[in-house]
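K.L.:
Here's a structure for you.
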Amino acid sequence: MAEAYIVAAVRTAGGRRNGRLVGVHPADLGAMSINAVLARTGIDPAAVEDVIVGCVTQAGEQASNIGRHVVLASHLPQSVPAVSIDRQCGSSQQAVHFAAQAVMSGTQDVVLAVGVETMSRNTMGLAFLADKGYDQLSPVIHERYGVKAFSQFAGAEMIAAKNGFTRETLDRFGLASQQKAAAATQAGAFAAELVPVPVTLPDGTQTIHEVDEGIRFDATYESIAGVKLISPEGIITAATSSQICDGSSAVLVVSEKALKLHNLTPIARIHNLTVTAGDPVIMLEEPLYATERALKKAGMKIDDIDLYEVNEAFAPVPLAWLRYLGADPDKLNVNGGAIALGHPLGASGAKLMATLVHALRARGKRYGLQTMCEGGGIANVTIVEAL
């Protein structure tokens with residue numbers, strides 16, 4: 001089978017809810033990541049054969065195939081097609097998978113995987129608001145699983161209870177995420193992956209957004225421990241949950257033929273693509289089992305992996321993942337995670353891939369693994385080899 005290579009991976013800095021990116025239309029925000037990839041690689045825009053865009057809330061400004069609108073707002077010619085996909089939080093990680101599969105099959109040679117989500121302008125669940133009587137679950141699903149609804153919050157609390165995690169354990173994990181993100185930002189660790197975004201502030205001032213807006217540079221254990229619980233019966237707080245966030249990301253995946261034809265330099269090779277599904281009630285636990293399967297398919301052990309990016313949807317998820325796999329916590333989310341940097345839903349998959357590839361290269365490491373818990377009990381796993 002043909003190889004699939006990554007030649008560019010970028011992301012915008014995250015914008016807090018109603019923060020610096022609130023005035024940027026999602027199509028324009030997604031286009032900025034595409035334009036950055038084109039500029040960095042110097043590839044002829046017309047050589048791009050398809051654009052696969054991950055986006056979760058495909059309603060409002062993100063409806064009607066947001067992927068096509070992202071292309072039309074970018075420097076790509078209008079002849080480049082696009083499709084929008086929704087695999088919940090793993091949408092743009094799945095976009096990377098589809099791009100790699102197209103290349104590995106020999107069907108296409110140059111494919112862009114993109115993610116975009118402006119959560120400030122397109123509220124989670126917007127697609128359900130038009131009809132307030134809408135029931136997301138069918139009667140058959142209600143009967144099969146015995147729940148009124150599937151809840152990620154409830155699933156995260158179930159994972160915490162199952163593993164015996166305490167409030168302090170989660171709070172200290174949340175603090176570590178903030179501290180790592182702050183240290184990485186101050187050291188310039190994100191410079192290679194960030195796309196500067198011109199923004200106009202409420203007072204009319206024009207500036208460049210290039211620092212993740214959700215980082216608490218002054219975070220302390222006391223400040224995090226003082227955040228109130230999301231549920232009085234639980235142990236999770238906003239400080240141990242991913243932040244609502246605006247952002248976009250893009251990964252250019254090409255064949256070996258395209259490397260030579262367009263004089264491109266690969267920065268990583270796709271080593272394994274895995275997706276699995278499990279219990280939709282506890283929901284967020286599936287990355288544990290998906291990772292186990294991915295490693296087996298790749299003929300690898302967890303100790304063979306140099307760095308891991310496990311999305312911090314809620315603190316119990318990466319903590320349970322570490323415990324189940326017997327993984328080294330020092331290799332996990334080394335530049336912080338979504339608790340500090342934000343989780344722009346459909347953009348997070350390609351966003352984490354950009355962070356992972358550049359972190360591997362900066363440290364002179366070889367193998368990286370990325371996994372994402374997703375609504376409905378699904379999980380993607382991608383293993384890459386830095387070049």
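K.L.:
For Ile208, indicate whether it is among the hydrophobic types (A, V, I, L, M, F, W, C), touching a residue at least 12 places away in the same chain (Cβ under 8 Å) and assigned to a helix (DSSP H, G or I).
P.N.:
Answer is no for this residue.
K.L.:
Return only the number of the condition from (1) part of a loop (DSSP other than H, G, I, E, B); (2) out of contact with any helix residue (DSSP H, G or I) (no Cβ under 6 Å at 6 or more places or on another chain); (3) at pLDDT 95 or above that Leu259 does not satisfy.
P.N.:
Just one mismatch for Leu259, condition (1).
K.L.:
Spot the failing condition for Gly377; the list is (1) touching an Asp or Glu at 6+ places or on another chain (Cβ under 7 Å); (2) under 28 Å from Ala63 (Cβ atoms); (3) crowded, with 23+ Cβ neighbours inside 10 Å, and only one is missed.
P.N.:
The number of the failed condition is (3).
K.L.:
Related question: Would it be correct to say that Thr123 is modelled with pLDDT of 95 or more, assigned to a loop (DSSP other than H, G, I, E, B) and either touching an Asp or Glu at 6+ places or on another chain (Cβ under 7 Å) or surrounded by fewer than 17 Cβ atoms within 10 Å (Cβ to Cβ) (or both)?
P.N.:
So Thr123 fails the test.
K.L.:
Give the range 257-278 a look and list any residue that's within 27 Å of Asp304 (Cβ to Cβ), crowded, with 18+ Cβ neighbours inside 10 Å and hydrophobic (A, V, I, L, M, F, W, C), or say none.
P.N.:
Ile267, Ala268, Ile270, Leu273, Val275
K.L.:
Could you tell me which of the residues Ala149, Ala187, Ala161, Ala238 is surrounded by fewer than 21 Cβ atoms within 10 Å (Cβ to Cβ), within 27 Å of Gln88 (Cα to Cα), without any contact (Cβ under 8 Å) to a residue 24 or more places away in the chain and within 23 Å of the chain's Cα centre (by Cα)?
P.N.:
Ala238
K.L.:
So for the range 290-303 (the condition being aliphatic (A, V, I, L, M), part of a loop (DSSP other than H, G, I, E, B), within 26 Å of Val195 (Cα to Cα) and modelled with pLDDT of 95 or more), does at least one residue qualify?
P.N.:
No: the range 290-303 contains no residue that is aliphatic (A, V, I, L, M), part of a loop (DSSP other than H, G, I, E, B), within 26 Å of Val195 (Cα to Cα) and modelled with pLDDT of 95 or more.
K.L.:
Same structure, new question: Residues that are more than 24 Å from Cys245 (Cβ to Cβ), outside any helix (DSSP H, G or I) and not charged (D, E, K, R): does the range 371-381 have at least one?
P.N.:
Among the residues of the range 371-381, not one is more than 24 Å from Cys245 (Cβ to Cβ), outside any helix (DSSP H, G or I) and not charged (D, E, K, R), which makes the answer no.
K.L.:
I need a count of the residues in the range 278-308 that are more than 29 Å from Val110 (Cα to Cα) and among the small types (Gly, Ala, Ser).
P.N.:
Counting residues in the range 278-308 that are more than 29 Å from Val110 (Cα to Cα) and among the small types (Gly, Ala, Ser) gives 1.
The values are calculated or read from the model by the stated rules, or taken from the named source; none is laboratory data. For clarity, every value in this text was computed on a predicted model and none was experimentally measured. Neighbour counts are summed over all protein chains in view; Cβ atoms, including those assigned to glycine, are modelled from backbone coordinates with ideal geometry.
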